[in-house]
Amino acid sequence: MGVGTGSSSLWNLMGNAMVMTQYIRLTPDMQSKQGALWNRVPCFLRDWELQVHFKIHGQGKKNLHGDGLAIWYTKDRMQPGPVFGNMDKFVGLGVFVDTYPNEEKQQEAQKRRYSPGVQRVFPYISAMVNNGSLSYDHERDGRPTELGGCTAIVRNLHYDTFLVIRYVKRHLTIMMDIDGKHEWRDCIEVPGVRLPRGYYFGTSSITGDLSDNHDVISLKLFELTVERTPEEEKLHRDVFLPSVDNMKLPEMTAPLPPLSGLALFLIVFFSLVFSVFAIVIGIILYNKWQEQSRKRFY
């Protein structure tokens, strides 16, 4: 799976995404744009590695640019929305390269300060697993639902920047090569991540009042050959809904279907009948009680 390698028929562009000579531009350095690139073929690999070659650059000065890009492995594809250009309450994995500190700016506007142990330095890479029940909190830069993260200074660099997402034996690892040294540096490592097979890979971006060029130069997927013991084979059976061990995700509950006109009429009708029946029974019991009371006085 690659971009610009003769496999363009396997990809769909969405929104303001444009095909350039050497890359895909998800969004230009303009306000209120969003774009995405999605693979058409679901991934049924058990263990895999996705390498992303990307570039984020623009005219904005420090903290006057945004908003970043996301890499997805999700059940649904081509669904525009507010989470870096993709739908909220997605089902699957999202990895975010966030370039604008929304929460920090709100704290500054309220003249409040972070404690040194809480403040994060942006750009910032984070990851989130969702079963469709969680919303990404954009105002807090995804902090309530993130699995982990790290600072990644990736804007306006004169050398290539890479991100790798590796999923092996339900172990999620995210590394980056952003220093121009051709060396992978650890960012996120989470055991016990359960991702179903048959989901789609994609990447998306969005700009608001602030903007940047968000370019994807290549997406390369590799199958990893991993040996498993019989015990691991039992433990690593296919799952049907994303989850993370030792992390409680709210369960999805199907909404109740709306009542039809006939059903609503029957409910009201029988409620009235029951009410009348209860009143009649109450009157009969009251009359009997009065008769017994009279007999006591005679």
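The values are calculated or read from the model by the stated rules, or taken from the named source; none is laboratory data. Just so you know, these numbers come straight off a predicted model, no measurement behind them. In this analysis, Cβ positions are derived from the backbone assuming ideal geometry, glycine residues included, and neighbour counts consider all displayed protein chains. For the accessible areas, the whole protein counts, side chains as well, though only heavy atoms, and no ligand, DNA or RNA atoms are used. Shrake-Rupley method; radii C 1.70, N 1.55, O 1.52, S 1.80 Å.
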- Which of the residues belonging to region 187-203 are open to solvent by 20 Å² or more (accessible area, probe 1.4 Å), touching a Cys at 6+ places or on another chain (Cβ under 9 Å) and part of a strand (DSSP E or B)? 187, 200
- Task: Just one of (1) within 22 Å of residue 150 (Cα to Cα); (2) at pLDDT below 95; (3) of a type outside the set (D, E, K, R); (4) outside any loop (DSSP other than H, G, I, E, B) trips up residue 9, so point out which.
- Result: (1)
- Task: Only one of these is within 20 Å of the chain's Cα centre (by Cα) and closer than 30 Å to residue 240 by Cα: 203, 151. Name it.
- Result: 203
- Message: Can you tell me which residue is most open to solvent (accessible area, probe 1.4 Å) among those in region 56-75 that are among the basic types (Lys, Arg) and either over 15 Å from residue 152 (Cα atoms) or in contact with a strand residue (DSSP E or B) (Cβ under 6 Å, 6 or more places away or on another chain) (or both)?
- Response: 61
- Task: Return the total of residues in region 213-245 being open to solvent by 50 Å² or more (accessible area, probe 1.4 Å) and in a loop (DSSP other than H, G, I, E, B).
- Result: 8
- region 169-186 - residue that is of a type in the set (Lys, Arg) and in contact with an Asp or Glu (Cβ under 9 Å, 6 or more places away or on another chain) and, of those, least open to solvent (accessible area, probe 1.4 Å): 170
- Can you name the number of the only condition in (1) modelled with pLDDT of 80 or more; (2) surrounded by 13 or more Cβ atoms within 10 Å (Cβ to Cβ) that residue 249 fails? (1)
- Any idea which residue in region 121-170 is nearest to residue 84 (Cα to Cα), counting only those that are of a type in the set (D, E, K, R) and touching a residue at least 60 places away in the same chain (Cβ under 8 Å)? 155
- Task: Could you grab me the full set of residues in region 137-168 that are part of a loop (DSSP other than H, G, I, E, B) and buried (at least 18 other Cβ atoms within 10 Å of the Cβ)?
- Result: 141, 142, 146, 147, 152, 154
- Message: From the list 79, 51, 34, 22, exactly one residue is over 20 Å from the mean Cα position of the chain (by Cα) and either more than 25 Å from residue 174 (Cα to Cα) or open to solvent by 40 Å² or more (accessible area, probe 1.4 Å) (or both). Which is it?
- Response: 22
- Query: List pairs: first in region 219-240 and over 30 Å from residue 22 (Cβ atoms), second assigned to a helix (DSSP H, G or I) and open to solvent by less than 90 Å² (accessible area, probe 1.4 Å), Cβ under 9 Å, 6+ apart or cross-chain?
  - Reply: none
- Task: Mind listing just one residue for me: the one in region 87-136 that is surrounded by fewer than 16 Cβ atoms within 10 Å (Cβ to Cβ) and under 22 Å from residue 56 (Cβ atoms) and, of those, modelled with the highest pLDDT?
- Result: 121
